Amino acid sequence: MARIRVLVVDDHRIFAESLAAALAAEPDVDVSAAGSGPAALRALERAAAEGRGYDVLLVDAELGALTSGEPPAVPAPRQEETAAVDGIALVAGVRAARPAVRSVVLAEKDDPRAAARALQAGASGWVAKDCSLQRLLSVIRGVLRDETHLPPALLTGVLRELTAARKHRTDSERLVESLTPREREVLRCMVAGLGRKAVAERLFLSPHTVRTHMQNVLGKLGVHSTLAAVALARRAGVGPVGPETGASGRDVVERGGQLAQ
């Protein structure tokens, strides 16, 4: 019997331990728990190094927002892990680093906007924390068949949010396409967090020329700050300039996948 390896990521100890125990009772499921995003990432790395990687992550939608004073789920995070990492950010990081791992977000309430963000980040499902064990197991097995699972009550709202996000992205892409190749290079450097001097060194330009390009970028994008330009670039799918790419490098545009029907 092929076993499904599941990692529960939740900083609410009682919930995490109860869910892990319930799943562990299934004959085809192996389950572990992590109490923070960094702990989950280390668990994924260890499992991959040992040749027994996880198949499914069950991620708390409110990860990093623990306010009840309840002790964290085991294993407890070490001191360096205490920086908050929200669940959707964790999903995005795992999707980028380990695309074979499927993520399912566990939520206490229906939230179409958050559910849409989770799907855009790479989640394969959004499930209520109080759903039945049979329902959760059905979702776990379904996402391993490349299915996308949403509660029926959320479907209309999520589709509305995804449609609005698509329109926003299209508008942003149109603005980015108005830039010259050199201006797009400068924009990618801005996305990477490089300052004017660093951009000048990277692209072999004078700081004055870089300043002119940056002003042109802001003007064409219709924004008034570098932060706003970077946010728009991200919506358009523009990635940061990579360490191996020089002044003549080609633009890198990240294209997200479509929601499975």
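Mind running the shape call on the stretch 152-222? Use the C-alpha gyration tensor, a ≥ b ≥ c as the square roots of the eigenvalues: rounded below 1.5 for a/c, prolate if a/b tops b/c, oblate otherwise. Intermediate results must be reported in sequence, preceding the final value.
Details: a/c = 4.36, a/b = 2.76, b/c = 1.58.
Prolate, since a/c reaches 1.5 and a/b exceeds b/c.
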For the stretch 1-60, what does the alpha-carbon gyration tensor say about shape, rounded, prolate or oblate, given a ≥ b ≥ c as the root eigenvalues, a/c under 1.5 as rounded, and a/b over b/c as prolate? oblate
Would you mind computing, in nm to one decimal, how far apart the modelled labels at Ala21 and Gln215 are, each placed 7 Å from Cα along Cα→Cβ? 6.7
From the gyration tensor of the Cα coordinates in the stretch 92-194, what semi-axes in whole Å does the equivalent ellipsoid have, largest first, with each one equal to sqrt(5λ)? 33, 17, 11
Sort 10-21, 143-154, 184-195 by packing, meaning the average of other beta carbons within 10 Å per residue, with the highest value first. 184-195, 10-21, 143-154
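Hey, with R₀ at 51 Å, roughly what FRET efficiency would Arg46 and Lys197 work out to, going by the Cβ-Cβ distance, to 0.05?
Approximately 0.80, to the nearest 0.05.
FYI, it's all coordinate maths here, none of it is from the lab. What you are looking at is a predicted structure, and each value in this text was computed from that prediction instead of being measured. All Cβ positions, even for glycine, are placed from backbone atoms using ideal geometry, and neighbour counts span all protein chains on display.
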